[in-house]
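Throughout, read-outs are computed from the coordinates displayed, never taken from laboratory work. Just so we're clear, the structure is a prediction, and the values are computed from it rather than from any experiment. We place every Cβ from the backbone using ideal geometry, glycine too, and count neighbours over all the protein chains shown.
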Amino acid sequence: MGHVYTDIIIKNTKDVIDARSGIINDSEIRQTAVQAMVDTGTGTLIINEAIQRELGLGIMEERYVTLADKTRKVCEITEPVEIHWKNRSTTQRAVVLAGLEEVLLGVIPLEDMDLMVDPVRLELIGAHGDVVVCLV
């Protein structure tokens, strides 16, 4: 199977909450539109340091991560971000991987937004069509 890319919007969750509370205007929400590689071998959202700074995301902790080549590395874990894909969204903490060239969208946000990879068309689709089904 080839690589699958999709357009997503990543937002600073604290800013979204502040906008809902009237503390800031919607136009002040720090967000970025990116093309992410859908990576079903990755657990969560992985971003680089530039996106972390652009969104003003604080670091909550550091964790060891195991990369695809089996090396272990300490990475920073951000405050929550909102991930938007078309009419769906989820909130996750992101892993910051220094030197990363492309954003990786892993299985946890995919599952939470009820998405899957269509292996024939090589695109992201709703796992249950246009209806979002939540796992409980």
Checklist entry - Does residue 2 satisfy the criteria of being under 24 Å from residue 110 (Cβ atoms) and within 18 Å of the chain's Cα centre (by Cα)? => result no
Checklist outcome for this item: The condition from (1) surrounded by 11 or more Cβ atoms within 10 Å (Cβ to Cβ); (2) in a strand (DSSP E or B); (3) of a type in the set (D, E, K, R) that residue 18 misses is numbered (2)
Next on the checklist: Could you check region 98-115 and list, in sequence order, the residues that are of a type in the set (A, V, I, L, M, F, W, C) and surrounded by 18 or more Cβ atoms within 10 Å (Cβ to Cβ)?
Outcome noted: 103, 104, 105, 110, 113, 115
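The rows are residues; the columns are (1) at positive phi; (2) of a type in the set (Ser, Thr, Tyr); (3) touching a Ser or Thr at 6+ places or on another chain (Cβ under 6 Å).
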{"residue": "5", "(1), (2), (3)": "no, yes, no"}
{"residue": "39", "(1), (2), (3)": "no, no, no"}
{"residue": "43", "(1), (2), (3)": "no, no, no"}
{"residue": "56", "(1), (2), (3)": "yes, no, no"}
Next on the checklist: Quick check on region 78-88. Is at least one of its residues over 30 Å from residue 129 (Cβ atoms) and surrounded by 19 or more Cβ atoms within 10 Å (Cβ to Cβ)?
Outcome noted: yes
Next on the checklist: Scan region 59-78 and tell me whether some residue there is touching a residue at least 60 places away in the same chain (Cβ under 8 Å) and closer than 15 Å to residue 99 by Cα.
Outcome noted: no
Checklist entry - Could you say which residue among 38, 4, 16 is more than 21 Å from residue 98 (Cα to Cα), in contact with a Leu (Cβ under 6 Å, 6 or more places away or on another chain) and of a type in the set (A, V, I, L, M, F, W, C)? => result 4
Item to check | Matching option when the condition is under 28 Å from residue 120 (Cβ atoms) and crowded, with 19+ Cβ neighbours inside 10 Å, among 46, 9, 51 | outcome: 46
